[in-house]
Amino acid sequence: MASVPARLAGDASPATDTDTAAAPPATITVPLDPSRLPNGLVGLVEATRGTGVPAVWLRRGDGLVGIGTAARYTVSGPERFGRARQWWREVTATARRENRVGGPGTGPLAFGSFAFAGDSAFASRLIVPELVVGTSDDGRCWLTQQTTADEAPTARTAFAALDALLAAAPAADVAGGAAGGAPAGAASAGVVRGRVRDGSLTGQQWMDAVAAGVRRINAGELHKLVLARDVVVELDSPREPAVVLADLAERYRDCWTYSVEGLVGSTPEMLIKVEDNVARARVLAGTLDRASAPADDPDYAQRVLWGSDKQRQEHDFAITSLLDRLTSYTDAMTVSSEPFVLELPNVWHLASDVTAVLNDAPSPTGKHRTPGALALAEALHPTAAVCGTPTATAAGVISELEHLDRGPYAGPVGWVDATGNGEWGIALRGAVLESPTTARLFAGCGIVEASDPAAELRETWAKFRPMLQALGVQAP
């Protein structure tokens, strides 16, 4: 099995944890005049060039950007979610806080990334940034400073920290749409700045694994299997993570662009979002590459995806998996009556949106409370969209056939605040930045009885495309 890069593996062995916080954070959240961010949050991301990789959660220009680290918790093993939740409860219970804004994403906040599998060498983590800047689609803008210092932060210290970051930012590229739809900082079309090599398996070996999976499905062992593969990109020169993230955020505006300590990407799939007592999810399964689509057929995606029993079956397994697990947390749930076609720059997907009003659940103190975003992420992970069905059987077959430690790939990635609000996407269309010039990319495909190994291999290249574009490298 391939090892997880040391940069992301952390120092926690299975069923152990590490905590870098010397004291519980003190937090202040204040309104922020958007004019302090002339290029919005994408511009703020680019302003971090040369200062490390920011924590990022962005969609359509809004979301959260975290800078620096006030506290950090890592944990490995099957109990990783529960241990992380307990740590976060303890931190937020004792944190000194002043919140002049209110609402989801304000006050104490942590970004996180969790391993796909309980036996992964990857250390799951929660990161409490020193600064968090947030914007919402209703026009709100805010700044949070989090510190473990004895002296609590103030509005003055928060604004001073932000101003210092912006003053030190490189004066150059302005993050925003450039003429022709290519974001500033994006690689020029046709320019190859590196090379792509096989990861844990060659293309042929991976197709053999797909064929083996199809045989096991046809034998009745399981209904659906998701198989992933990795490739390694070796760049001719370093590419700033901030530029990669800005590229993704501009090209893939309808996706959630994420970054947590070297894990970067832009996922189209929302595992769970909790805002107050309402949960939302977006389920994807069924994929069609746009690169080979005829230019003169506007109904092509609708006809091909809807007309494919294979694609519809794959989607049905995924949505049923999520609904079955979410049912026990709600008495009121709505789902798209039929899957819709989601158009992205690289592919089309069959997609379904789910909304659920959450029930109160008993807490360890005996009181009742609405389950938070991180608790629901644990309950829903892994869905059939990234594992298969039945889940336990599919996970065992994945372990046999992939020859790959997925690490954070296809695990939950996102953020949580002190009141349980949060957004946890599935870490898809992403990469682990192993060094300034090396990135490991991951992509997976849903395998059912009608799957063709060669077609599935082509689909992985379509899913690698967002990260290859952002890195400035062409597929072989």
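The values are calculated or read from the model by the stated rules, or taken from the named source; none is laboratory data. This one's a predicted model, so the numbers in the text were calculated from it and none came from an experiment. Cβ atoms come from the backbone with ideal geometry, glycine included; neighbour counts cover every protein chain shown. Ligands, DNA and RNA are stripped out before the accessible areas are found, and what is left, the full protein with its side chains, is counted by its heavy atoms. Shrake-Rupley method; radii C 1.70, N 1.55, O 1.52, S 1.80 Å.
Worth a mention:
- A full extension of the chain between Glu338 and Asp276 corresponds to an added length of 19.6 nm, given 0.36 nm per residue minus the alpha carbon distance.
- Nearest 10 degrees, 0 to 90: helix 309-326 Cα axis against the chain principal axis: 40
- FRET efficiency estimate (nearest 0.05) - Cβ-Cβ, Ala293 to Ala454, R0 25 angstrom: 0.85
- 21 Å Cα-Cα threshold exceeded, pairs from Lys224/Lys463; Lys224/Lys273; Lys224/Lys310: Lys224/Lys273
- Along each principal axis, taking the top coordinate minus the bottom one, the Cα set of the chain gives 64, 56, 42 Å in descending order.
- Cα-based helix-to-principal-axis angle, 155-167 vs the chain, degrees rounded to 10: 60
- FRET E, pair Glu90, Asp254, Förster distance 60 Å, beta-carbon r, rounded to 0.05: 0.95
- Model label points for Asp119 and Ser435, set 7 angstrom from Cα along the Cα-to-Cβ axis, are 3.0 nm apart.
- Percent carbon-and-sulfur accessible area, the chain, ignoring ligands, DNA and RNA, probe 1.4 Å: 50
- Packing around the peptides 136-149, 327-340, 428-441, taken as the average count of other Cβ atoms within 10 Å per residue, puts them in this order, highest first: 428-441, 136-149, 327-340.
- Packing order of peptides 93-100, 442-449, 406-413, highest average first: 406-413, 442-449, 93-100 (average count of other Cβ atoms within 10 Å over each peptide's residues).
- Full-stretch length increase - Gln205, Ser328 - with 0.36 nm per residue and alpha-carbon distance subtracted: 40.2 nm
- If the chain linking Gln302 and Arg215 were pulled fully straight, counting 0.36 nm for each residue of separation and taking away their Cα-Cα distance, it would gain 28.4 nm.
- Degrees, to the nearest 10: 391-401 long Cα axis against longest axis of the chain: 70
- Between the amide H of Ser336 and those of Asp353, distances stay under 5 Å, these residues lying 5 or more places away or on another chain, with hydrogens modeled in the peptide plane.
- Normalised per residue, the accessible area of the chain is 39 Å², obtained with a 1.4 Å probe and no contribution from ligands, DNA or RNA.
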